[in-house]
Amino acid sequence: MKTTVRHLPPFVLIAFLIVAAAPWSARWAPGGLLEPGSQSIASSANGAGPGPRVSSAGYWTNVTPSYGPVFAGGATIAYVPELGGTLLFGRTGASPVLNRTWLYNSSRNNWTTLAPTSPVPPMFAGASMVYDPDSGKVVLHAGIRVFEDLCVRATNDTWLYDPLANTWTNVTPPDSPPPRIEHAMTYDPMTHRVVLFGGLDLSCRGRIPEYIGPRLDDTWVYDVATNTWTNVTSPVAPPARSVAGLAYDPDGPAIVLFGGAPVDQRYPGSWALGDTWSLDPTTYAWDDVHPESRPPDRAGAQMIYDADARAVVMYGGCGYGKCDRDAWWYDAPSEIWMRMSSADSPDFSYTATLDRLGALAYDPRGVLVAYGNSETWEYHAVRGVEPLVAWASGHATNAAQPRTLSFTISVTGGVPPYRYSWAFGDGETSSDANPAHTYPAPGDYRVTVVVTDAADAYATSSVGVSVPSLAASGEWMPYAASAAVVVGGGSLVVWWWTRGPRARIRRL
């Protein structure tokens, strides 16, 4: 870099060369001494546990449109390629008879009612639903319904939804799993079967569902083509439970189960499970997996495989008196759970209803669609994320106002958009990306900025500021830079002093 220094006396040039030869530690600016901004790097992967931390992130977006289902409990969802959207079925009104079928389109961000031409399933809560790509049908099984004797209890009905004909059909075979609610289901593409585990038996006393029967620990598979259920329960299986998370991971391949409730789910704070199990889709043998790090115990969490994350994503659930609003990724081949923080997330807190806290489906457009509490959310999983890097700097823009400094932040990596939190060292703050700040008094200050990305990863950078006294009338004040060189990777700026509009050297 060629540097030209004009009209500087010899002592200034000597000082310039001495400083240039010394290790770089600071740079001068009209507002005083500014130390170089410190660089901070924060990985966007908020992983926990052993093994390498993957460069991945996930974040939620509330996309609730003005028109959509009004949640009153019992909703279940599944993505249907033939409809190009996510199908929802459940009680979306104040009465159990208001079972409706809805469709959510993520590209248009709208809900529409489908109004099937056939009778709809009578189950208004506690059912499970999955899409079968081989038949192109949606499988809905069990749940709570009102029977002819006006008794409310669990059923073992099996219904199929035909998206092309927009019809529901009751296909319940004679040999079906016992009645239940809050069971876990997923589709297994290796065997082309629907896999079911556990649930809760709910019987009727006094025509209200007041008798909470035992939790179940059986495993069943359903073949849509032959309309047959088969009991494949093995001697080694997860303990009985309901409201567990269950998802198929093709990278395993394995069917992963986590958590659940072994006691009355109306009192979720009393007990919740936190174990991880893996089901071999070829032999239906269960294996008790013991990851060194895992999510806290919970029941009612939603689990689905996300092709963009290349992992099973689990969200929410309740346990020990609180509901969680965190997302976890599970990698079946390495048996590792990774916690993925997010700045914002759905609130699917537990209610008194005996059904799941929310519903989750994977949309191949690249998002997870979540529905609960009358809200629609989308979860974006991002892999290959560069680490979040922040670098702060500051400078004075007006020599007549040396106490006013402008600050800038350079950010790379992470998941945009970013949020900024500046602290100027004098008690004042700002959330602007590139703020300006006027200091009320001279002194040395440490300016710090925290940058947070959409995945809740953060990086911190700081810069030191030395603010001079305001120049009285007729006294000398900083005016302009005379030269700049690069020394040891940093920038060195030499300033001279003037009073008035014409630059000249102050005699010492």
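Worth a mention:
- For the stretch 390-449, the solvent-accessible area with a 1.4 angstrom probe is 49 square angstrom per residue.
- Counting only protein heavy atoms and a 1.4 Å probe, the stretch 233-306 has 36 square angstrom of accessible area per residue.
- Panel values: the stretch 212-330, Kirkwood radius from alpha carbon pairs, Stokes-Einstein at 4 °C and 1.567 mPa s, translational diffusion coefficient 87 µm²/s.
- Accessible-area composition of the stretch 284-442, carbon plus sulfur, in percent [1.4 Å probe]: 48 percent
- With every protein chain in place, the stretch 156-204: carbon and sulfur % of accessible area (1.4 Å): 55 percent
- Annotation: per residue accessible area for the stretch 109-148 equals 36 Å², rounded to a whole number [probe 1.4 Å, protein chains only].
- Shape category assigned to the stretch 274-316 from the gyration tensor of Cα positions, a/c cut at 1.5: oblate
- For q = 0.27, 0.29 Å⁻¹, Debye-computed log10 I/I(0) when each Cα of the stretch 140-203 counts as one equal scatterer: -1.23, -1.27
- Computed packing ranks the peptides 177-190, 393-406 as 177-190, 393-406, most packed first, by mean other Cβ atoms within 10 Å.
- For the stretch 218-264, the fraction of 1.4 Å probe accessible surface lying on carbon and sulfur atoms is 60 percent.
- Rg over Rh, two decimals, the stretch 292-410 (C-alpha only, Kirkwood Rh): 1.20
The values are calculated or read from the model by the stated rules, or taken from the named source; none is laboratory data. The model shown is predicted, which means the values in this text are computed figures rather than measured ones. Note: ideal-geometry Cβ built from the backbone for every residue, glycine included; neighbour counts use all protein chains shown. The protein model used for the area step is the full one, side chains on, heavy atoms only, and it has no ligands, DNA or RNA in it. Shrake-Rupley method; radii C 1.70, N 1.55, O 1.52, S 1.80 Å.
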